[in-house]
Structure formats: structure tokens, C-alpha cells
Amino acid sequence: DTEGLLRIKEENQKHYRRAQRHQEKKEKIQRHNRKLGDLVEKKTYDLKTQYEHLANLRRTHILELTSVIFPIEEVKTSMRDPADVSSESDNAMTSSTVSKLAEARRTTYLSGRWVCDDHNGDTSISITGPWIVLPNNGDYSAYYSWVEEKKTTQGPDMEHNNPAHTISAALCYATQLVNTLSLILDVNLPKKLCNRQVKTQQRNHEFCGENLSRHRFTRAVKKLNANILHLCFSQHVNLDLLHPLHTLRNLMYLVSPDTENLGR
């Protein structure tokens with residue numbers, strides 16, 4: 001029993017010394033983890049600072065791009081409300097008739113259905129200049145009519161002020177701007193839109209090449225609107241400001257200096 005007791009004491013001492021070594025190793029690992037934690041916290045702060053610096057650089061590039069090359073502005077048109085004109089010419093007109101005329105002016109027949117135009121048609125959005133504008137409500141029927149007329153009319157087109165030309169040019173510039181913004185912001189676009197001509201592949205710009213059919217034109221516009229909305233979502237643009245049909249207006253909200261998260 002005495003010999004067994006001595007063996008047990010020796011084993012207990014070995015276990016005690018081993019436990020001390022383990023405790024020292026544990027404390028060493030804890031000190032190492034604290035150092036790593038401090039290092040990770042410092043690296044995280046540095047990374048956050050670099051992200052903020054990168055966002056500021058992106059924001060600066062975008063504001064320069066949209067102020068020098070692709071300025072987007074709201075163009076006011078001098079158009080009087082027909083309800084006001086009618087009420088002036090007919091003093092006996094009832095208030096219900098005036099309200100109905102105003103409501104009719106706020107609606108537009110687009111693609112087989114009536115849609116509401118919140119901006120009452122008195123404004124347009126221009127890109128690269130006040131003469132290149134898009135309709136507020138996304139009604140591009142002028143382009144369809146022009147294409148149909150070109151099919152039946154022979155000879156060169158001499159109408160340089162044709163609204164179909166401005167629609168095509170505005171969508172062309174919008175596509176170029178969106179593709180450039182995706183590179184600056186490092187955001188992959190969900191839809192692919194070509195904005196240049198590649199000789200090897202014979203690919204033209206979606207809008208400034210040959211006259212597109214209504215199906216191809218509508219499909220290209222939907223792809224462009226999807227890309228613009230995707231960029232707006234990535235930069236946390238206020239969703240209440242966006243409308244799926246307002247191409248240039250959504251783009252204007254995206255590149256606005258008031259967009260707090262532009263460049264994230």
C-alpha cells in the first residue's frame with residue numbers, strides 16, 4: 001500500500017507539472033490571440049479607410065464624368081395645362097371637368113395600357129445637352145413610328161430634328177455612361193449591352209446602328225433599364241425615387257451629388 005501510494009503521488013506530480021506546462025501554453029496562445037485580434041482590428045480599420053478613400057475617388061470620377069462628358073439635367077418645357085386654358089375660355093366649366101382634364105393629362109397610353117405620369121409631361125431629362133432628351137414616361141412610340149415610316153419611304157432622311165433621332169442618341173449615350181459607371185464602381189451588370197463596333201465580330205451599338213424593330217428596340221431598352229436599376233440598388237439609391245420606365249431620371253438620381261452612398 002505504501003509503494004502504491006508513492007507511485008500515485010509521483011503520477012500526480014507528473015500530472016501537475018504537465019498541467020502547469022499546459023497552463024503556460026494556454027496563456028501564450030491567449031496572448032498570441034490578443035495580438036492577432038489587435039492586428040485584425042487594425043487591418044479592418046485600415047481596410048475600411050481604404051474603402052472610404054476608394055469610394056471618394058469613384059465618386060469624384062463619376063461627378064467629373066457626368067459634369068463634363070455626360071451631363072444629365074432636367075429640362076423644363078413651357079406647356080400650359082389644358083385644364084387651365086379651357087377654364088379661362090369657358091367660365092362656366094365645372095370643377096369636375098377641370099379635374100378630369102388634369103387627370104387625363106397625367107396619364108399616357110403606353111404599350112397597350114394606360115400608365116400614370118407623375119411629372120405631368122412638363123419636363124424631360126437630357127443627356128450631353130438640352131437637345132438630346134427622353135420622354136419622362138418611357139413612351140418611345142416616336143421611334144417605332146419613324147422606323148415604320150422609313151420602311152415605306154425611300155430616299156435619305158433629312159429630318160435631323162426627328163424625335164426618333166434624339167431618342168436613339170439619348171439611349172446610346174445612356175448605354176455608354178452605364179457601361180463606364182460599371183467599370184468605375186466595379187459592379188457587374190446583369191444585362192450585356194454593346195456600345196461600340198467590333199470589326200471582328202461585326203457587333204454594332206444597340207441603339208446607334210441599324211434601325212431596330214419594335215421587338216429588338218423594346219428588348220434593348222428593357223436591358224438598359226435593368227442595368228440602371230441594378231446600379232441604383234448597388235449604390236443604395238432611395239427606392240421611392242425610382243421607376244422602372246424612367247431611364248434617364250433613374251440615371252440622374254444615381255449620379256446625383258446628393259446620393260450619399262455613391263462609390264460604395
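The values are calculated or read from the model by the stated rules, or taken from the named source; none is laboratory data. What you see is a predicted model; the values in this text were computed from it and never measured. FYI the Cβ positions are ideal-geometry reconstructions off the backbone, even for glycines, and counts take in every protein chain you see. Surface accessibility is based on the protein's heavy atoms, side chains included, excluding ligands, DNA and RNA. Shrake-Rupley method; radii C 1.70, N 1.55, O 1.52, S 1.80 Å.
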Open item on the list: Can you find a residue that is touching a residue at least 24 places away in the same chain (Cβ under 8 Å), closer than 30 Å to Pro257 by Cα, of a type outside the set (Val, Ile, Thr) and open to solvent by less than 90 Å² (accessible area, probe 1.4 Å) anywhere in region 34-55?
Closed with: yes
- [ ] Identify all residues within region 106-143 that are more than 21 Å from Pro71 (Cα to Cα), outside any strand (DSSP E or B), open to solvent by 40 Å² or more (accessible area, probe 1.4 Å) and modelled with pLDDT under 75; write none if there are none.
- [x] Arg106, Ser111, Gly112, Asp118, Asn120
- [ ] Of all residues in region 206-238, count the ones that are in a helix (DSSP H, G or I), modelled with pLDDT of 90 or more, open to solvent by 30 Å² or more (accessible area, probe 1.4 Å) and of a type outside the set (Lys, Arg).
- [x] 4
Task: Cβ pairs under 7 Å, 6+ apart, first in region 8-32 and at pLDDT 90 or above, second among the charged types (D, E, K, R) and open to solvent by 100 Å² or more (accessible area, probe 1.4 Å) - done: none
Open item on the list: I need the full set of residues from region 171-190 which are open to solvent by less than 50 Å² (accessible area, probe 1.4 Å) and part of a loop (DSSP other than H, G, I, E, B), in order please.
Closed with: Val187, Leu189
Task: Which listed residue, of Leu248, Leu262, is in a helix (DSSP H, G or I) and within 11 Å of the chain's Cα centre (by Cα) - done: Leu248
